[in-house]
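The next block holds one structure in the form of structure tokens; read it before the comments.
The values are calculated or read from the model by the stated rules, or taken from the named source; none is laboratory data. Note that the structure is predicted; figures quoted are calculated from it, not measured. Cβ placement follows ideal geometry from the backbone for every residue including glycine, while neighbour counts extend to all protein chains displayed. Note: accessible area is taken over every heavy atom of the protein model, side chains too, but ligands, DNA and RNA are not part of it. Shrake-Rupley method; radii C 1.70, N 1.55, O 1.52, S 1.80 Å.
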Amino acid sequence: STKSGVDVFFLLFAGALVFLMQSGFAMLCAGSVRQKNVKNIMLKNLLDACGGALGFWSLGYGLAYGDKNTEDSQTRFIGNDNFFIANFTEGGEYIG
């Protein structure tokens, strides 16, 4: 139970850091273009963040935290389950 709680905390904390870095990159890009293009570069950075979140939802979670079947007693490098967070039933008590 504690291990599951720490895993959820680490996942949320690391995700928050990634999105904070994305806002820093947006400010860097906004400072390196002309003023008339700032709206376009901000929209591009917003869409990058949304695309990254959708990519993690669809493939990243399954690769990082999917069930690693160890039938042949060798651990696999990546997960092969829970793509699109399908059949995800644990951790609901940690949200709200």
- Note on the structure: Listed by first then second residue, the pairs whose first member lies in region 1-20 and is modelled with pLDDT under 80, whose partner is outside any helix (DSSP H, G or I) and open to solvent by 90 Å² or more (accessible area, probe 1.4 Å), with beta carbons under 8 Å and at least 6 positions apart or on separate chains, are S4/E90
- Message: Here are the criteria: (1) surrounded by 10 or more Cβ atoms within 10 Å (Cβ to Cβ); (2) modelled with pLDDT of 85 or more. Tell me which single one N69 does not satisfy.
- Response: (2)
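Listed here are the residues, each with its yes/no results for (1) open to solvent by 80 Å² or more (accessible area, probe 1.4 Å); (2) of a type in the set (F, W, Y).
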position	(1), (2)
G5	no, no
F10	yes, yes
L20	yes, no
A30	no, no
R34	yes, no
K39	yes, no
N45	no, no
L59	yes, no
